[in-house]
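So the structure is just underneath, and the comments pick up after that.
Throughout, read-outs are computed from the coordinates displayed, never taken from laboratory work. Because the structure is a prediction, the values reported are computed rather than measured. All Cβ positions, even for glycine, are placed from backbone atoms using ideal geometry, and neighbour counts span all protein chains on display.
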Amino acid sequence: MLVRIDEASELPLYTQIANSVREDIASGRVGPGQVLPPAREVATGLEINVHTVLRAYQLLRDEGLVDLKRRRGAVITAAAGAVAELRGEVAALVAHAASLGVSPALLASVVATTTPAPVPPAPLGRGVATAESHREAA
């Protein structure tokens with residue numbers, strides 16, 4: 001896995017590292033169960049402080065994308081699979097929003113404040129055995 005940063009960017013380095021990992025997760029380049037490179041290795045490769053990399057990994061942990069384990073490192077969680085699965089739908093939503101003139105910042109705000117609709121329970125229908133149907137049959 002290649003961690004990308006832009007030294008000219010105004011974003012903090014830890015944010016850039018986290019964004020790079022998120023991008024790899026969303027694209028499917030890394031998936032559940034895969035281990036991220038050790039923080040010390042990333043820090044050495046990017047010539048930055050190891051604590052900067054650890055902060056990025058902790059941010060990803062707080063988002064539920066990475067599980068930090070002693071002696072095993074940063075492991076991509078199952079939630080990452082869901083993120084990769086949603087990538088196509090998110091891209092379509094972003095494109096649709098852009099065609100309507102909705103800015104990415106406004107779209108992000110709408111998504112962040114939208115609560116999911118409750119999923120209704122599956123209705124009991126024909127062919128579904130219930131305790132009552134067993135009593136009626138007897």
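If you rank V30, V111, V21 by fewest surrounding Cβ atoms within 10 Å, what's the result?
V111, V30, V21
Taking H as built 1.01 Å from N, whose amide H comes closer than 5 Å to the amide H of V66, not counting residues under 5 places away?
So V66 has HN proximity to R61, T77.
Kindly state, to the nearest 0.05, the FRET efficiency for V35 paired with V90, given R0 = 30 Å and r defined as their beta-carbon distance.
Here the calculated transfer efficiency is 0.70.
Treating only the Cβ of Lys, Arg, Asp and Glu as charged (+1, +1, -1, -1), what charge dipole size does the range 1-105 show about its Cα centre? Round to the nearest 20 debye.
Once rounded to the nearest 20, the dipole reads 500 debye.
Compare the peptides 33-40, 52-59, 101-108 by average per-residue count of other Cβ atoms within 10 angstrom and give them in order, highest first.
On the way: 33-40: 15.8, 52-59: 20.8, 101-108: 11.2.
Packing proxy ranking, top to bottom: 52-59, 33-40, 101-108.
Once you place label points 7 Å from the Cα toward the Cβ at N49 and R61, how far apart are they in nm?
According to this spin-label approximation, the distance is 1.8 nm.
For the range 1-105, max minus min Cα coordinate along each principal axis, in Å, sorted largest first?
Largest to smallest, the principal-axis extents are 47, 33, 21 Å.
Among L60, Q16, A105, flag the residue with its Cα farthest along the positive direction of the charge dipole of the range 1-105, charges on Cβ as +1 for Lys/Arg and -1 for Asp/Glu.
Ranked along the dipole, the leading option is L60.
Using the Karplus curve 6.51 cos²θ - 1.76 cosθ + 1.60 with θ = phi - 60°, what ³J(HN,Hα) values do you get for each residue of the range 105-112, in whole Hz, with x for Gly and Pro?
Working through the residues one at a time gives 5, 5, 4, 4, 5, 4, 5, 5 Hz.
Run lengths n ≥ 4 of DSSP H only: what is the helix-derived mean residue ellipticity at 222 nm for the chain, with -39500 (n - 2.57) per run over all residues, to the nearest 500?
Taken over the chain, the calculation gives -17000 deg cm²/dmol.
Test of the criteria: in the range 1-99, which GluC sites (Glu not before Pro) are in a DSSP loop and have at most 12 other Cβ atoms within 10 angstrom of their Cβ?
E7, E10, E47
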